[in-house]
There are 2 protein chains.
Amino acid sequence: LSAIRAPRGSALSARSWQTEAPLRMLLNNLDPEVAEHPQELVVYGGSGRAARSHDALRAIVRTLLRLADDETLLVQSGKPVGVFRTHEGAPRVLIANSLLVPAWASWSEFRRLEAAGLTMFGQMTAGSWIYIGTQGILQGTYQTFCAAGERHFGSPDLSGRTILTAGLGGMGGAQPLAATMAGAAILCVDVDQRSIDRRLATRYVDEQAGTLDDALARVRAAAAARRPLSVALRGNAADVFPELVARGERFDLVTDQTAAHDPLTGYVPAEVPFEEAAGLRARDPQRYLELASQSIVAHVRAMCDFVRMGCYVFDYGNNLRGEARAGGLEEAFSYPGFVPAYIRPLFCRGIGPFRWAALSGDPADIAVIDRALRALFPDDVLLQRWLAMAPGKVAFQGLPARICWLGYGDRVKAGLAINELVRVGEVSAPVVIGRDHLDSGSVASPYRETEAMQDGSDAIADWPILNALLNTAAGATWVSVHHGGGVGIGNSIHAGMVVLADGTADAAARLERVLTADPGTGVMRHADAGYEEALDAARAGGLDLPSAPL
Amino acid sequence: LSAIRAPRGSALSARSWQTEAPLRMLLNNLDPEVAEHPQELVVYGGSGRAARSHDALRAIVRTLLRLADDETLLVQSGKPVGVFRTHEGAPRVLIANSLLVPAWASWSEFRRLEAAGLTMFGQMTAGSWIYIGTQGILQGTYQTFCAAGERHFGSPDLSGRTILTAGLGGMGGAQPLAATMAGAAILCVDVDQRSIDRRLATRYVDEQAGTLDDALARVRAAAAARRPLSVALRGNAADVFPELVARGERFDLVTDQTAAHDPLTGYVPAEVPFEEAAGLRARDPQRYLELASQSIVAHVRAMCDFVRMGCYVFDYGNNLRGEARAGGLEEAFSYPGFVPAYIRPLFCRGIGPFRWAALSGDPADIAVIDRALRALFPDDVLLQRWLAMAPGKVAFQGLPARICWLGYGDRVKAGLAINELVRVGEVSAPVVIGRDHLDSGSVASPYRETEAMQDGSDAIADWPILNALLNTAAGATWVSVHHGGGVGIGNSIHAGMVVLADGTADAAARLERVLTADPGTGVMRHADAGYEEALDAARAGGLDLPSAPL
Ligand SMILES: NC(=O)c1ccc[n+]([C@@H]2O[C@H](COP(=O)([O-])OP(=O)(O)OC[C@H]3O[C@@H](n4cnc5c(N)ncnc54)[C@H](O)[C@@H]3O)[C@@H](O)[C@H]2O)c1
Ligand SMILES: NC(=O)c1ccc[n+]([C@@H]2O[C@H](COP(=O)([O-])OP(=O)(O)OC[C@H]3O[C@@H](n4cnc5c(N)ncnc54)[C@H](O)[C@@H]3O)[C@@H](O)[C@H]2O)c1
C-alpha cells in the first residue's frame, strides 16, 4: 500500500455507496496530497493516524469491500475488530480511538500501549476519516477573524479594518490569507525569513515590507482604501509590538501565533539575533528560556497596552499569556482567549466546521455545490465572501472538498440541497458530509473548546458521548469517539460523524435527522450551561430541551 | 415524589411500551424495596443515583410520558437535556453519566462538579435504570463458586465440596447462601455477631457453631453426605485460618470477604477483642492500622499455606493480598484474583450477569420464564440448579426480576423465548431484558474486570464505547455509558443496555440483533486479547472478527 489514492468516479468498488464512502475517505486521508506522512499512516497533528498499521489498513479495506448494508464494522483504535448485523438505518462503521480509562490517561501509558500494538492516536479527523487538508485551518482562522468583526464592529466584513499579529509558521501562516479573505489589512511579524518566504511563495501573504515604517504605510493605505492586503515584516514581536505601542499605532484586532506554547523551540527571544538562536538553544537551554521568558513578558505587556489603547486583543491558543504570567506579568490574562471570545458564541448557535467531499473526485461537483449554497444563503455575508474567494485561493488536496462553518438549521438545509443535487445528477456522484470533532456539541476540552464555560462545566465529558450515541441513533454513516485530540492525551474527549448524501430518499431522511440532531446537541450543551445566545437559538430553532428555561 | 413505586399491570401511562419500559424501570430503581436511600435518589453502591435531583426526576418522568416512538431522550448525568427525532428502530433513551475529561477525573473534581449541580454518580445499574436489588450479588457469588468448581473439579456442582471464607457483611453475606445453592458445605468466619445474626435471620446462613471443633464437624459431615450446609463461626480470620492450617484441615476452595480494602474500618485485628476495636480505632488509628496489618499478614500467610496444602485459594476483590504485601509478606500474590481465575473464562464466552424484569409486576410472569428457560437449556447444570432454587430463596424487590448468567448464543435464545411468551400471553405484559455494566464486553476497569489481561490491554477504553455505540446501532431500548462504577472515579469506563420484549415481531428483530451483538462484543474483546477460550467461542458462534486468527 504505497502512494494511496481514493478511487474516483461513479463505479463502485464496495457493495454500495454506504460502504464505498468510508472506503474512499479512509484512503483519501492517506493520499500523499492530504497526509503529512502517508507511509507511517500519519495524516496530521503530530501522530494522528488513519489506521493502526498497514495490516490493519488492509483488513479495514477488505472488510469495507465486503460489508453488507445491514452490517456494521467496529474499528478499535485503527484496527477492524468486528462485524455485526445491525440494520439499514444504522451506521456502517463505528470507531473508538485512543480511549483510556482516565487514571491511565497519560502520554507515557499511551505510548507504552501504542508500542505494544494495542492502540493508536486518532487525533480528530485523522482516525475518523474526514480530514481534508489545510483548508480547515485557513477557514477556521477566517471564521475567527470574521467572528471578531461581527462581535466588535457589527459585521464579519473587515474591509477598512487593521490586524496586527506575529507568527507565520505552519498554522499561523494561514492568518494573512484568512485576513485578506475577510477584507482586512494585516501586518504579520515573523522573525524567520524562511517562514515569510514560504508564505510569499504560496501567495498566502501578499508582500513583504523592508522596514516598520514601510509596513505601516502600506497597511494604513490599504485600510484607508478598504483594500484587503497582507504585509509581512521580518522582526521580533517582542521588539516590534512595544515599538508600535510607543508610537501610538492602533490596530482594530491584535493577536499572536508564535509557538509560545513551547518557548524553547517555538519562541525566539528578542535579545538573541535570529541566526544565533539555534546555537544558544543547544548550548544553554536554561539561558535561552530565561531570555524567551523576558521577551514574552515584553510582548504581552505590549498586548495589554494595546487593550488600554482600545484595540481588541485576543489570545490564539498558544499559551502566550500563561508564559508571561509565569514570567511575572500579573496582568497577562487581561485579554481573553479566542474560544470564549469568538468561537463560543458561534457554538451557541450550533455553528462549527461543517464540510463535505465529492466522492467523484471531480472539482466541478464542489463548484456546483459552492454555487448552490451561495444561492441558498444569500444573506450570509461571511459564507458569501468565503465561497466567492475559496475556489480561487484554495487548492484541493485529495478528493475535492469544501469547508464552511454553518449552524443549527442551516446545516440540514445545506445537506438536503446537496443530496438533491446528487439526485438530479448535477453532482456526478455521492457526497459525504461531516465536520471536525472541534465542534459545537461534540467535544469536552477544558484547555480549548470548553475553557471557561460560564457554569464551570469545562471538564464534564457526558456531552461528546451523548453526541456520538445520538448520531448513531439518528443514522450517520460512520460515527467516532476519540480521546486526546488537539490538546493531547488526558485533556479531551470528542466525537465525529460523517453522513452520506447519495441522492436517495433514504439519505434525505437520514440527513434530515443527523444534521438536525448533531448541531442540535451543540445548542443544547450551551443552553444547559446557561448561555443566552444558545437559549435564543434553541427557542428560534424549536429545540426540545426538557430542563432548559425556554 | 416520596415512596416511589413503578406502575404495574398492562395499562400504559406513557405512549407505548418503548417509553413505558424506561419509565417503570427508572421508578422501580427508586422503589424503597429496591433503593438504599430512595429519598436521596441513591439506589446502591455508595452514592449511585437514578436521577440527579428531584426536579430532574420529575422532568424525566414528564418527558417519558410524552415521548414519541420516533424520538430519543438524552439524559446527561441524571438530568434530561434534550429530545431529538431519530426513528422507530433507534433507542428511546441515551444516557451518559459521570463522565469527565480524564485529566480531571478525580473524586475531588467530581464532588466539586456534583456540588455545583453539574453531574451525578451513576454507579453501574443505578443511573441506567436496571438495578434489581441484592439478587445480583447473590447470583454473582453463586456464579463465581460454580465457575471455580467447573475449573478445578470439572463441574459447577459443588456437592461434597468444602469452602472456607470469612466476612458476612453487606456483600460477603451472600457467600453462605450462594455456596449452598451450588451444593457446597461452607464455613464462614466473622468477628461480629451482628453480621452473623443478620444472616441467620434472613436464612442466608443455615447455622452457627459455638466452637471451631463443632463447626468443622458439621461441615465435614455435610460434605461427606453431599448435603449443602452453611455454618457461621464467630472468630477472627487471622486466628482461625492459621489454626486450621496448623491442624492440617483442607478445604476445596478458600477465599475471604472481610472489608480489607479499607483496613481501618473494614478489618478487625486479632489482637484486639472485638468489643474494644471501635474504641481503639477512634483513639489511636495509627496503632489500629499497625495491628490490622499484622493480622492481615497472618491471615494471608495462612491462605498461602492453604495453597501449599493443595486448596484452591482466590482473592475476592478486597485487596487483602495488597495489604499483606504492604505489610511485608512477599508471597502474598501467590494466589489469583477471582476475575482472572474464574470470571474471565466466562467473559471469553460472552457469559455475564444477564437479567430481566416483569413490567407487569406479577411474580407469576417470572415463574413462567423460569420454567421456560429450564426447558430451553436442559444441559446447563448451573442454570438448572439456580432456577430451581432461586424462586424459593430469593425475595423479589420491586418489580419481579431474575438474574441468570448466560453467554453468547444463549442470550439471544432466551430473549426470543421471552418475547414469544409475551406474544402468546403466557407472560402478562412486556418484559425488559438487560444486564449489569460488569459484563463481558462492556467495561474497562484495570482494578477489577480487566485486571491482568493477557495482552496488557487493561486500560484500553475503546471497548465499552464500541459496545455502547453498537447497542445503539442495533436498537436497544436504552443505552448508557458511565464512568467510575465499581472501583471509583478515574478507574473504570463502562456501558449498559436494556431492550424491550413486548411480543411484537419488531421486538423480536431488535432482540435478535442486540442480544447477539452485545455479548458478541465480549467474545470479540477477549479474542482480540488472544484468549483461546474466546477464539474458540468466536469460531463456534460464527463471529465475524476481521483481525482475529479464526
Ligand atoms: N488553539 C488552537 O486552536 C490553535 C490554532 C492555531 C494555532 N495555535 C497555536 O499557535 C501557535 C503557532 O502554531 P504554528 O503551527 O504556526 O507554529 P510554528 O512553530 O510552525 O510557527 C511559529 C512561528 O513563530 C515565529 N516566531 C517565534 N518566535 C517569534 C518572535 N519572538 N517574534 C516573531 N516571530 C516568532 C517562528 O519563526 C515561526 O515562524 C502554536 O502555539 C499553536 O499551538 C493554536
Ligand atoms: N471486586 C468485587 O467484585 C467484590 C465483590 C464483592 C465484595 N468485594 C469486596 O469484599 C469485601 C467485603 O464487602 P462487604 O460489603 O461485605 O463489607 P462489609 O464491611 O459489609 O463486611 C465486612 C465483614 O467482615 C468482618 N470482618 C472484618 N474483619 C474481620 C476479621 N479479621 N475476621 C473476621 N471477620 C472480619 C466484619 O465483621 C464484617 O461483617 C470488600 O472489600 C469489597 O470491596 C469485592
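If I model a spin label as a point 7 Å beyond the Cα along the Cα-Cβ vector, how far apart are those points for A:Leu376 and A:Arg15 in nm?
In this crude label model, A:Leu376 to A:Arg15 measures out at 3.1 nm.
Name the long-range amide H neighbours of B:Ser77: under 5 Å, sequence gap of 5 or more, or other chain; modelled H, no Pro or chain starts.
Under 5 Å from the amide H of B:Ser77 lie the amide H atoms of B:Ala96, B:Asn97, B:Ser98, each far enough along the sequence or on another chain.
Counting only protein chains, not ligands or nucleic acids, how are A:Trp107, B:Trp463 ordered by accessible area (probe 1.4 Å), most first?
I get A:Trp107, B:Trp463, largest accessible area first.
Spin-label point model (7 Å from Cα, Cβ direction): what's the A:Arg66 to A:Ala395 distance in nm?
With each label point 7 Å from Cα toward Cβ, the separation is 4.1 nm.
Compare the Cα positions of A:Met124, A:His261, A:Phe241 along the charge dipole of chain A (+1 at Cβ of Lys, Arg; -1 at Cβ of Asp, Glu; about the Cα centre) and return the one farthest towards the positive end.
Value computed over the given set: A:Met124.
Run the numbers on region A:405-550 and let me know its relative contact order in percent, using alpha-carbon pairs under 8 Å that are six or more apart.
Over region A:405-550, the number comes to 29 percent.
Could you list, bin by bin from short to long, the percent of Cα-Cα pairs of region A:1-81 in 5 Å steps?
3, 17, 26, 25, 18, 9, 2, 0
What number results when the radius of gyration of region A:66-159, computed over Cα atoms, is divided by 2.2 N^0.38 Å?
1.60
Which percent of the accessible heavy-atom area of chain A goes to carbon and sulfur, probe 1.4 angstrom?
For chain A, the apolar C and S fraction of the accessible surface comes to 50 percent.
At a threshold of 8 angstrom on Cα-Cα distance, excluding pairs fewer than six apart, so keeping six or more, what relative contact order does region A:224-328 reach in percent?
36
What FRET efficiency do you get for A:Ala326 and B:Val424 if R0 is 60 Å and r is their Cβ-Cβ distance, rounded to the nearest 0.05?
0.25
Taking 25 °C and 0.890 mPa s as the conditions, I'd like the Stokes-Einstein D for region B:423-550 in µm²/s, using the Kirkwood hydrodynamic radius from alpha carbon pairs.
It diffuses with D of about 160 µm²/s by this estimate.
Calculate the radius of gyration of the Cα atoms of region A:278-338 to one decimal place, then report Dmax, the largest Cα-Cα distance, as a whole number, both in Å.
Reported Rg and Dmax, both Å: 12.9, 42.
So in chain B, what percent of DSSP beta bridges are antiparallel if you round to the nearest 5?
Of those bridges, close to 50 percent are antiparallel.
What's log10 of I(q)/I(0) for region B:1-154 at q = 0.15, 0.16 Å⁻¹, Debye sum over Cα points only, no solvent?
Here log10 of I(q) over I(0) equals -0.83, -0.90.
Per residue, how much accessible area does chain A have with a 1.4 Å probe, in Å²?
On a per-residue basis, chain A sits at 32 Å².
Tell me, what ³J(HN,Hα) does each residue in region B:190-206 have, in order and in whole Hz, if you take phi through Karplus 6.51 cos²θ - 1.76 cosθ + 1.60 with θ = phi - 60° and put x for Gly and Pro?
My calculation for region B:190-206 gives 9, 7, 10, 4, 5, 4, 5, 4, 4, 7, 5, 4, 8, 6, 6, 10, 6 Hz in order.
Starting from 0 in steps of 10 Å, tell me what percent of the Cα-Cα pairs of region B:244-360 lands in each bin.
13, 35, 28, 15, 7, 1
Kirkwood Rh and Cα-based Rg: tell me the resulting Rg over Rh for region B:238-290, rounded to two decimals.
1.07
Sorted by accessible area (1.4 Å probe), largest first, how do B:Tyr531, A:Tyr312, A:Tyr267 line up?
Largest accessible area first, the list is A:Tyr312, B:Tyr531, A:Tyr267.
What are the semi-axes of the equivalent ellipsoid for region B:368-419, taken as the square roots of 5 times the Cα gyration tensor eigenvalues, largest first, in whole Å?
18, 14, 10
What net charge is computed for the residues neighbouring A:Ala429, neighbours being all others with C-beta under 11 Å from the C-beta of A:Ala429, Lys and Arg scored +1, Asp and Glu -1?
Taking every other residue near A:Ala429 into account, the sum is -2.
Can you say what percent of the DSSP beta bridges in the protein assembly as shown, counting only those with both residues inside, are antiparallel? Round to 5.
55
Over region A:388-459, what lengths in whole Å, largest first, do the semi-axes of the equivalent ellipsoid take, defined as the square roots of 5 times the eigenvalues of the alpha-carbon gyration tensor?
They are 32, 16, 11 Å, listed largest first.
So what are the three principal axis dimensions of region B:481-550 from its Cα atoms, in whole Å, longest to shortest?
Dimensions of region B:481-550 along the principal axes of its Cα atoms: 39, 37, 17 Å.
Looking at region B:349-494, what % of the alpha carbon pairs are farther apart than 28 Å?
Of all Cα-Cα distances in region B:349-494, 27 percent exceed 28 Å.
A plus B alone minus the pair: what accessible area, both sides summed, probe 1.4 Å, in Å² to 100?
So the total buried area for this chain pair works out to about 5800 Å².
Taking a quarter of the surface of the Cα convex hull of chain A, what do you get in nm²?
24.5
If I take the Cα coordinates of region A:99-207 and project them onto the principal axes, what are the three extents in Å, biggest first?
The principal-axis extents, from largest down, are 55, 35, 24 Å.
For chain B, what relative contact order do you get, as a whole percent, if you take Cα pairs closer than 8 Å and at least 6 residues apart?
15
Output ³J(HN,Hα) for region B:148-153: one whole-Hz value per residue in order, computed from phi by the Karplus curve 6.51 cos²θ - 1.76 cosθ + 1.60 with θ = phi - 60°, and x for Gly and Pro.
Once θ is set to phi - 60°, the couplings for region B:148-153 become 5, x, 4, 5, 8, 10 Hz.
Net charge within 14 Å of B:Leu376 by Cβ-Cβ distance, Lys/Arg positive one each and Asp/Glu negative one each, not counting B:Leu376 itself?
In short, -1.
To the nearest whole percent, what portion of all C-alpha pairs in region B:182-332 is separated by more than 20 angstrom?
It works out to 49 percent of all Cα pairs.
Excluding ligands and nucleic acids, what accessible area in Å² is computed for A:Arg227 using a 1.4 Å probe, to the nearest 10?
Rounded to the nearest 10, that gives 110 Å².
Treating the angle as unsigned and between 0 and 90°, give the value, to the nearest 10°, between the Cα long axis of helix B:274-283 and the longest Cα principal axis of chain B.
70
Calculate the tail of P(r) for the protein assembly as shown: the fraction of all Cα-Cα distances greater than 39 Å, expressed in %.
50
The values are calculated or read from the model by the stated rules, or taken from the named source; none is laboratory data. Quick caveat, the model's predicted, so the values are computed rather than measured. In this analysis, Cβ positions are derived from the backbone assuming ideal geometry, glycine residues included, and neighbour counts consider all displayed protein chains. When the accessible area is computed, the model is the full protein with side chains, heavy atoms only, and any ligands, DNA or RNA have been set aside. Shrake-Rupley method; radii C 1.70, N 1.55, O 1.52, S 1.80 Å.
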